Amino acid sequence: MSAPAPKIVVVNSLAFAEHDPEAPLVVQALGDSGVRAELQHWDADVSWGGYDLVVVRSPWDYFTRLDEFLTWVEKVAAQTRIVNPASVIRWNSHKGYLAEMATQGVPVLPTLMLERGSSGAAERLAACGWSDVVAKPAVDGGARETLRTDPCSAEAAAHVERLVAAGDVVVQPFAPQIEAGETSLLFFGGELSHAVRKVPAAGDYRVQAHHGGTEHPHEPTPAELETARRAMACAPDRLTYARVDLVDVEGVPTLMELEVIEPDLFLRLDEEALGRFTVAVLAELP
C-alpha cells in the first residue's frame, strides 16, 4: 500500500473569506499537483498537527486580534510546519521592523515611532520637523486607520492621541511620489515571480483597490530588485512568499512595507504566478 499524499491546509479568515479569490485557486492548484489540500479559517477548531504543512495566506483580520493570532501561530508551529515561519510572522506583525531595516542599510522613509500609552504623543508629532505626514497604527492592514495630515493640526493631534491609547503608532513624512504609484515585487521561494505597479485614484494616495487604486503588470528595475532583496535579507528566517512595496524617492527605490504575512499576491496579473507559488509551497513539505 502506498503512503497517503501529503496534506496541506491553506489558511484564510472567516470574516474576509468572500473577498479573497486567490486562496481557493491555491487550494485547487495544490490539489492538482497531487497533494491533499484544503482551506480553513485560522481560528477554526481543527487539529493543525494533522497537516504536513500550514500555508498562511489571507488572515486579513489578524491585526484586530493580534495576541490571539500570534498565539495560534506559535501553537501551529509547535505541531507542524508553517509558512511563512512563526518567527517571521511575529517580526512582521509590527511595523517597528522598518526602523530595524533602516539600521541595516535598507532605504526606508524616515520613521517616528510613538509608543502605546506614551505621554506627549501629539507634541512629539508636531515637533517632528515634517510638514506633511502619514500616521497609522504599527499593527494594521489595508490603510484602515491611515491618515495623511499636517502634523501640527488639531486633526493630527486627535488622531495620534486616539491611536496611541490603543497601540504603537508609526509616523512618516508623506512621499509625494506615491501619488504617481508604488511598485510591488512578488517573490516565491526567494525568487522573483512578478511585479505590479499600483496607482491611486486621482486625488488620493492610497493604492489599495478598495480605495479606488488600480494595478498593472510591471517590469522591475535592477535598483528595485536590489532594494527588495536587501529588505528580504533582514527577515529572521526563510521566506516562502514575500511582497516588497516600494516607492521611488528622488530616483531611489525606497521601502514602504515588506509584506510576509497575508499579502495580496496579485496572482491574477501573471498567468504563471499561481504555478510558481505552488512550486514554492510544495518545496516546503517535510
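The values are calculated or read from the model by the stated rules, or taken from the named source; none is laboratory data. Source: prediction; values computed, not measured. Every residue, glycine among them, receives a Cβ derived from its backbone with ideal geometry; neighbour counts consider all protein chains shown.
Listed here are the residues, each with its yes/no results for (1) over 17 Å from the mean Cα position of the chain (by Cα); (2) among the aliphatic types (A, V, I, L, M); (3) at pLDDT 90 or above; (4) assigned by TED's automatic domain parsing to the domain that holds Gly212.
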| residue | (1), (2), (3), (4) |
| --- | --- |
| Glu123 | yes, no, no, no |
| Leu147 | yes, yes, no, no |
| Leu192 | no, yes, yes, yes |
| Val196 | no, yes, yes, yes |
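If the condition is being of a type in the set (Asp, Glu) and surrounded by 18 or more Cβ atoms within 10 Å (Cβ to Cβ), then segment 147-184 contributes Asp168, Glu182. Once segment 1-13 is narrowed to residues that are free of Cβ contacts under 8 Å to residues at least 40 places away in the same chain and not hydroxyl-bearing (Ser, Thr, Tyr), the residue that is nearest to Leu66 (Cα to Cα) is Ala5. On the basis of being β-branched (Val, Ile, Thr) and either surrounded by 18 or more Cβ atoms within 10 Å (Cβ to Cβ) or within 22 Å of Leu239 (Cβ to Cβ) (or both), does Thr64 make the cut? Considered against the rule, which asks whether it is β-branched (Val, Ile, Thr) and either surrounded by 18 or more Cβ atoms within 10 Å (Cβ to Cβ) or within 22 Å of Leu239 (Cβ to Cβ) (or both), Thr64 comes out as no. If Ala201 passes every condition in (1) modelled with pLDDT under 95; (2) crowded, with 20+ Cβ neighbours inside 10 Å but one, which one does it miss? Unmet for Ala201, out of (1) modelled with pLDDT under 95; (2) crowded, with 20+ Cβ neighbours inside 10 Å: (2).
Restricted to segment 221-243, and to residues that are touching a strand residue (DSSP E or B) at 6+ places or on another chain (Cβ under 6 Å) and under 17 Å from Thr111 (Cβ atoms), which residue is surrounded by the fewest Cβ atoms within 10 Å (Cβ to Cβ)? Here the answer is Thr227.
Close Cβ contacts (under 7 Å, 6 or more residues apart or on different chains) running from residues in segment 174-192 that are more than 19 Å from Leu258 (Cβ to Cβ) to residues that are of a type outside the set (A, V, I, L, M) comprise Phe174/Asp132; Phe174/Arg148; Glu179/Pro200; Glu179/Tyr205. The combined condition, being closer than 21 Å to Asp150 by Cα and buried (at least 21 other Cβ atoms within 10 Å of the Cβ), is not fulfilled by Ala126. Taking the criterion of being of a type in the set (Ser, Thr, Tyr) and over 15 Å from the mean Cα position of the chain (by Cα), would at least one residue in segment 40-49 satisfy it? Yes, the conditions are met somewhere in segment 40-49.
Against the criterion of being hydrophobic (A, V, I, L, M, F, W, C) and in contact with a Ser or Thr (Cβ under 7 Å, 6 or more places away or on another chain), Ala156 qualifies. Pairs meeting the criteria (first residue in segment 242-262 and under 22 Å from Ala280 (Cα atoms), second residue among the hydroxyl-bearing types (Ser, Thr, Tyr) and in a strand (DSSP E or B), beta carbons under 6 Å, at least 6 apart or on different chains) are Arg243/Ser184; Asp245/Ser184; Glu262/Ser58. Filtering segment 246-264 down to residues that are among the charged types (D, E, K, R) and surrounded by fewer than 20 Cβ atoms within 10 Å (Cβ to Cβ), which residue is modelled with the lowest pLDDT? My answer is Glu250.
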